[in-house]
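Q: Here it is: the structure, laid out below.
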Amino acid sequence: MWNTSSDNGAKITSYTVEIVDKKDSSWLLPLRCEEQFTSVKTSCQVPIGKLLEAPYNLIEGDLVQAQVYATNSIGRSRSSEVNTSGYKIEEIRPSMDAPELVSRNK
């Protein structure tokens, strides 16, 4: 999550998240969030499958650092500060209710 910056009078059209793999401190290709922004956007969900395959090749449990910048018709903002504590790559799995046994009394 991040705090939004001023849009200087032009609607923000996308956010770009840049991540660095904490294992070897290498910056990976940026990820763009180009959803339709109907309200102020302060987060971006990236499908884990995208991070687990080429060109990222991360594995669940890896720690990454991130920075974010916004883009609109005026241009690109300055990048946010790098999150030095890091984020753990993990899939957010929906919880599932336990099955309910039904007796079949005749």
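Rule-based calculations on the coordinates, nothing more; no lab input. What you see is a predicted model, and the numbers here were worked out from it, not measured in a lab. Note: ideal-geometry Cβ built from the backbone for every residue, glycine included; neighbour counts use all protein chains shown.
Q: How far, in nm, would the chain grow between residue 73 and residue 88 when pulled straight, counting 0.36 nm per residue and subtracting the alpha carbon separation?
A: Contour length minus Cα-Cα distance gives 2.1 nm.
Q: If you don't mind, there's one more thing I want to ask. With Cβ to Cβ distances under 13 Å as the rule, what net charge do the other residues near residue 65 carry (K, R +1; D, E -1)?
A: On the way: positive: 22, 23, 88; negative: 18, 21, 24, 62, 81.
Charge balance in the 13 Å sphere: -2.
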